[in-house]
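First up is the structure itself, then whatever we jot down about it.
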């Protein structure tokens, strides 16, 4: 999202796939933040971090000379420190997972302050913050399955899979959001099934005795229960919610967000291709095409809320955060996984329009004058600024930019979100960049900044990103750790907690932190190609997912795909093989620009 240069180099398939082995798993307010480097104040004397991380001779290899930023972030990152951070990330997951299993299972979530389980709010069906996500199907256990595998815990993975098979049913009188059920539950079931059945997977013995594709059958059962959301809609865009036993509720809302309706393609596509049944991919792809057809003729942008019956845009904000984010993510990831050229064509067009209308600031990240690059929220029809806030979900975008090779711009945008983190020790749900203060001050343990940090490290191998990861890990431990897990921050300034630990903390936040510090993880060393879903579930990039099924029932799609003779990335100014050496060994962003961004968020 920035006002930006025009079309660049061709984005051939091999250019994208060149990223896979190195990236996504083998895929290619005025207080200064309290953790300077070396050791944060109080850390050396703490019972946990002092003994675990800060030992004599482990100063992080900071450079002796240079300015403050070089001293803090440059130089070698000691292997021993990295190993301990890896173990700390693993310990964070284990403590949370074990606490859930002990105090909350079989309920959906753990309340980490009171050490009890949480399920749907039956007394208040309008409590969508809870009921959209919790379906009375042991959500946290399911969502955590592939993290167990990635961390090499085969015995617990096998135990957890058997527990899911034996105890979880989707025949529930639960009304859930189609999007949340898809990315958290369906996606995890498919990921775990692929791990179990892939004889070449590198994580250890993940086989299940007498396994008879039960997870795939469960995924199929869930998807069938979600299908009514796609019926009786004049546009093909699905209803946002469905009752798993009764179908679409009679009083269902006809409005849905772009991301919710348009981010189903990866999971539904995988399911279709594993089953040989085009139905699921077809309905998901139809929804994407319907949304795409509603973009502005003037700007090419999409809004964030649409009426599924009329196609009228109810929410006209175009941005990269809540309501829009994963729509763009899945256009690209669907192409990577399935090889459907039209997905890449849509992504390239969307990315071009994002650059032209959402991006503000100087042309280049690491050179020139002007404000730092920033992606803003605009009116989809006019491109005019709608507000002066960004939300924490937008922190995913640098990671997506890495996947398309726009590493230079990803570095700059990531630095902005990291500066906000440094100020508060967390990312507020909404941050007003004009007021330099949170608009919505809570932080629900979201993973997006960690994800982008991990992907940028895989692309550049710059130790700066290990320092960022250490910073995030310390903040989580210091501010969010609770009696039984890790808790949502109710207020990032006051550091008050809420009694909730969302499942994505286990499926994404802990996983990306662990992988950031685990250089020898099979994800990085096996030679296999992997991709993460928007919920962080790992999926192999495999030829078996490249057999199209849906063209047979969408006439003319073959011709549409054939029209693409040359695929161009809008901003393909760099890829992983062309990252300048100074991005690998020096500060990824020049000190003067880092200082500018810190000043922009009120750090200095």
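The values are calculated or read from the model by the stated rules, or taken from the named source; none is laboratory data. For clarity, every value in this text was computed on a predicted model and none was experimentally measured. Cβ placement follows ideal geometry from the backbone for every residue including glycine, while neighbour counts extend to all protein chains displayed.
Kindly indicate the residue of the stretch 110-135 that is surrounded by 15 or more Cβ atoms within 10 Å (Cβ to Cβ) and touching a helix residue (DSSP H, G or I) at 6+ places or on another chain (Cβ under 6 Å) and also nearest to residue 249 (Cα to Cα) among those meeting that condition.
Within the stretch 110-135, the match that is nearest to residue 249 (Cα to Cα) is 132.
Return a yes/no flag: does the stretch 163-184 have any residue that is out of contact with any strand residue (DSSP E or B) (no Cβ under 6 Å at 6 or more places or on another chain), under 22 Å from residue 86 (Cβ atoms) and buried (at least 19 other Cβ atoms within 10 Å of the Cβ).
For the stretch 163-184, residues out of contact with any strand residue (DSSP E or B) (no Cβ under 6 Å at 6 or more places or on another chain), under 22 Å from residue 86 (Cβ atoms) and buried (at least 19 other Cβ atoms within 10 Å of the Cβ): absent.
Restricting attention to the stretch 509-536, which residues are in a helix (DSSP H, G or I) and in contact with a strand residue (DSSP E or B) (Cβ under 8 Å, 6 or more places away or on another chain)?
The answer is 523, and nothing else.
Kindly provide the set of residues from the stretch 439-458 that are closer than 15 Å to residue 494 by Cα and buried (at least 24 other Cβ atoms within 10 Å of the Cβ), ordered by number.
Once the filter is applied, which keeps residues that are closer than 15 Å to residue 494 by Cα and buried (at least 24 other Cβ atoms within 10 Å of the Cβ), the stretch 439-458 yields only 443.
Go through the stretch 341-369 and give me each residue that's farther than 26 Å from residue 584 by Cβ, surrounded by fewer than 22 Cβ atoms within 10 Å (Cβ to Cβ) and more than 21 Å from the chain's Cα centre (by Cα).
Once the filter is applied, which keeps residues that are farther than 26 Å from residue 584 by Cβ, surrounded by fewer than 22 Cβ atoms within 10 Å (Cβ to Cβ) and more than 21 Å from the chain's Cα centre (by Cα), the stretch 341-369 yields 341, 342, 345, 349, 352, 353, 356, 360.
Select from the stretch 79-130 the residues that are under 18 Å from residue 184 (Cβ atoms) and in a helix (DSSP H, G or I) and list them in ascending order.
Once the filter is applied, which keeps residues that are under 18 Å from residue 184 (Cβ atoms) and in a helix (DSSP H, G or I), the stretch 79-130 yields 93, 96, 97, 100, 101, 128, 129, 130.
Can you tell me which residue is surrounded by the fewest Cβ atoms within 10 Å (Cβ to Cβ) among those in the stretch 459-498 that are touching a strand residue (DSSP E or B) at 6+ places or on another chain (Cβ under 7 Å) and part of a helix (DSSP H, G or I)?
Restricting to residues being touching a strand residue (DSSP E or B) at 6+ places or on another chain (Cβ under 7 Å) and part of a helix (DSSP H, G or I), the top hit is 479.
Give me a count of the residues in the stretch 353-379 that are farther than 15 Å from residue 411 by Cα and out of contact with any strand residue (DSSP E or B) (no Cβ under 9 Å at 6 or more places or on another chain).
Going through the stretch 353-379 one residue at a time, the tally reaches 5.
Which of the residues spanning the stretch 136-152 are surrounded by fewer than 21 Cβ atoms within 10 Å (Cβ to Cβ) and more than 20 Å from residue 248 (Cβ to Cβ)?
Answer for the stretch 136-152, where residues must be surrounded by fewer than 21 Cβ atoms within 10 Å (Cβ to Cβ) and more than 20 Å from residue 248 (Cβ to Cβ): just 152.
Hey, residue 545 hits all of (1) farther than 20 Å from residue 395 by Cβ; (2) part of a helix (DSSP H, G or I); (3) touching a helix residue (DSSP H, G or I) at 6+ places or on another chain (Cβ under 7 Å); (4) modelled with pLDDT under 70 but one; which does it fall short on?
(4)
Quick one: residue 306 ticks every box in (1) in contact with a strand residue (DSSP E or B) (Cβ under 8 Å, 6 or more places away or on another chain); (2) surrounded by fewer than 24 Cβ atoms within 10 Å (Cβ to Cβ) except a single one, so which number is it?
(2)
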